[in-house]
1. Sort out which residues of the range 239-292 are closer than 19 Å to Gly314 by Cα, of a type in the set (Asp, Glu) and surrounded by fewer than 20 Cβ atoms within 10 Å (Cβ to Cβ), and write them in order of number.
2. Considering each residue of the range 61-72, count those that are hydrophobic (A, V, I, L, M, F, W, C) and buried (at least 16 other Cβ atoms within 10 Å of the Cβ), and give that number.
3. When you go through Ala295, Ala313 one by one, which is the residue that is hydrophobic (A, V, I, L, M, F, W, C), outside any loop (DSSP other than H, G, I, E, B), under 39 Å from the mean Cα position of the chain (by Cα) and under 27 Å from Tyr240 (Cβ atoms)?
4. For the range 261-288, give me each residue that is hydrophobic (A, V, I, L, M, F, W, C) and more than 15 Å from Asp229 (Cα to Cα).
5. Restricting to the range 307-322, and then to whatever is without any contact (Cβ under 8 Å) to a residue 12 or more places away in the chain and open to solvent by 50 Å² or more (accessible area, probe 1.4 Å), can you tell me which residue is nearest to Leu249 (Cα to Cα)?
6. Give Thr218, Thr298, Thr287 a once-over and let me know the one that is touching a residue at least 40 places away in the same chain (Cβ under 8 Å) and polar (S, T, N, Q).
7. Quick one: count up the residues across the range 64-74 that are of a type outside the set (Lys, Arg), free of Cβ contacts under 8 Å to residues at least 40 places away in the same chain and over 23 Å from Leu134 (Cβ atoms).
8. Would a scan of the range 81-96 turn up a residue that is free of Cβ contacts under 8 Å to residues at least 24 places away in the same chain and open to solvent by 10 Å² or more (accessible area, probe 1.4 Å)?
Amino acid sequence: MELEGVAVERDGVYAGADLANAHRFNTLVWVLWAGMLVVLAVAAPPTAHGAVVGWAVFAANLGVAVAAALTVRRLGFAGLMGWCYAATMALAALTWAAGGLSAPYDEMALGLVVCTALTHPLVIAVPFYLIAALLRLAPVAYGQADGRLADVLTAVVLWGMVVVVGGQVMETVRGHRHTLATRGDSAIDDARRDSLTGLETRRAFTADLPDRLAASRTADAPLAVIVMDVDWFKDVNDTYGHLEGDRALQAVAQGIRSGTRPGDWLVRWGGDEFVVVLEGVDEGLVTAVCNRMAARITAVTEGEPWGPISVTAGWAIDDGESSAEWLLDAADTQLLAEKGRRHARSAR
């Protein structure tokens, strides 16, 4: 669902998340990450266990940052999370290569924790936080804590607070965005679906007919537009009231459905006027469908106080060159001519 330019995830734990925004944010994080690595490498060369090993580990870290910055815009949320795991593993190795907690590299892990908390739901971010916390404590296990155990434990607790608070804020944002997207879908459906008959609306027809016409020409399946309205419908409303008039329109829609093929496009144009679009037809098939719809409408309204109902139809078939507007106008012109002939006959 597009909501004012925002592509919102619809389902699952990421419901309401904005992947495009996550792409932009993560790209910025990785560009800053790469820059920070370079600055710290100058200030604290990772050579505690030898220059060759240390610079190789640094190069691996920088490679992860650059590759992530260049690829995140093509990835889904799982891919974004994958780069965070790769970076935190590489950072643990770099911390070791630089001499453990005496070097500043371990502090960079906070950036990954914040990035994860603001990009992913808590159910995804919390496991990452736990792994990052264990890796932050790793220098204690291999004897390079440099007397900073209390500082590290404090930092790990603060990371947890960042994950929980940041995650809760983003869960709220995603929830609101998902609600808005769902309401937007409902509004779009309301605009495209007639609430009385369940058929599509004039707005949907006007928006989609040119595309359907182009597709039918590509498929070499001629498209026909049928326009019909209910005969003497005003008398139904005037005699039996508008509620009964609504029931009559619902019955007409039922007859149209039963008289058409699966896949035919059924539209309530407005009032007592309906439009049916057929694909892959010729004049004989269009005539047969019109007669079948008229018969089904009469059948479903038989026995009603305002029944049986009859309809008048006009139609036009695409000649491969006409516009959508011309097709509708031609069908409507034929409808008016047919109604004129019927009224003339009834007057006699």
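The values are calculated or read from the model by the stated rules, or taken from the named source; none is laboratory data. The model shown is predicted, which means the values in this text are computed figures rather than measured ones. FYI the Cβ positions are ideal-geometry reconstructions off the backbone, even for glycines, and counts take in every protein chain you see. Surface accessibility is based on the protein's heavy atoms, side chains included, excluding ligands, DNA and RNA. Shrake-Rupley method; radii C 1.70, N 1.55, O 1.52, S 1.80 Å.
1. Matches in the range 239-292: Asp264, Glu273, Glu279, Asp282, Glu283.
2. 6
3. On the way: Ala295 fails: under 39 Å from the mean Cα position of the chain (by Cα).
One residue alone meets the criteria, Ala313.
4. Those that are hydrophobic (A, V, I, L, M, F, W, C) and more than 15 Å from Asp229 (Cα to Cα): Trp265, Leu278, Val281, Leu285, Val286, Ala288.
5. Per the stated criteria, the residue is Pro308.
6. Numbers: Thr218 fails: touching a residue at least 40 places away in the same chain (Cβ under 8 Å); Thr287 fails: touching a residue at least 40 places away in the same chain (Cβ under 8 Å).
Going through Thr218, Thr298, Thr287 in turn, just one is touching a residue at least 40 places away in the same chain (Cβ under 8 Å) and polar (S, T, N, Q): Thr298.
7. Here is the first cut: in the range 64-74, the ones of a type outside the set (Lys, Arg) are 64-72.
If we keep only those that are free of Cβ contacts under 8 Å to residues at least 40 places away in the same chain too, we end up with 64-67, 70-71.
Still in the list and also over 23 Å from Leu134 (Cβ atoms): 66-67, 70-71.
Number satisfying all stated conditions: 4.
8. There is at least one residue in the range 81-96 that is free of Cβ contacts under 8 Å to residues at least 24 places away in the same chain and open to solvent by 10 Å² or more (accessible area, probe 1.4 Å).
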